[in-house]
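Here's the structure we're looking at; comments come further down.
The values are calculated or read from the model by the stated rules, or taken from the named source; none is laboratory data. Treat the numbers as computed from the prediction; the structure is a model and nothing was measured. Quick reminder, even Gly has a Cβ in these numbers, built from the backbone with ideal geometry, and neighbours come from all protein chains shown. Keep in mind that these areas ignore ligands, DNA and RNA; they rest on the heavy atoms of the full protein, side chains included. Shrake-Rupley method; radii C 1.70, N 1.55, O 1.52, S 1.80 Å.
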Amino acid sequence: PTETTGSGLMSEMSLAELWERLDMLKIKRAQEEEERRMEIQHFKAMQEQQLRSKYERVIYGRQQQQMDKQNKREALQEIKQAVSSQEKPEVLALRQKLAEKRAGADKLRAKGTR
């Protein structure tokens, strides 16, 4: 196996050398394949991290919007309370009178439907 075939070619190699080179080539290809797998894993991990980051930003944005809406509602309610507390007694008396008239009208409607 360590002898050449004797064909007279300059690039002849023995079978042992041929098997050795073949084994080295297989090892090299296996290493390249493993490196490629690692690159793919790394790329997938990066993509997953980017998606997770985008998801978190979306969730945070939605929470901020909800908080903004709640703050606006609270501010409007405070303004309404401030305005209603500043109303004049005459306006309050008229509102009370209107509420009583509406209650009386509702009672009349209820009697009429019986």
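Numbers at a glance
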item: Per residue value of the accessible surface for the chain (all protein chains in place, 1.4 Å probe), Å²; result: 100
item: Lysine pairs in the chain with Cα atoms under 26 Å, if 8 or more residues apart or on separate chains; result: 13
item: Sum of -39500 (n - 2.57) over DSSP H runs of 4+, divided by residues of the chain (222 nm, nearest 500); result: -31000 deg cm²/dmol
item: Heavy-atom accessible surface of the chain: percent carbon and sulfur, 1.4 Å; result: 56
item: Furthest towards positive pole of dipole, GLN63, GLN49, LEU92, structure part the chain, Cβ charges; result: LEU92
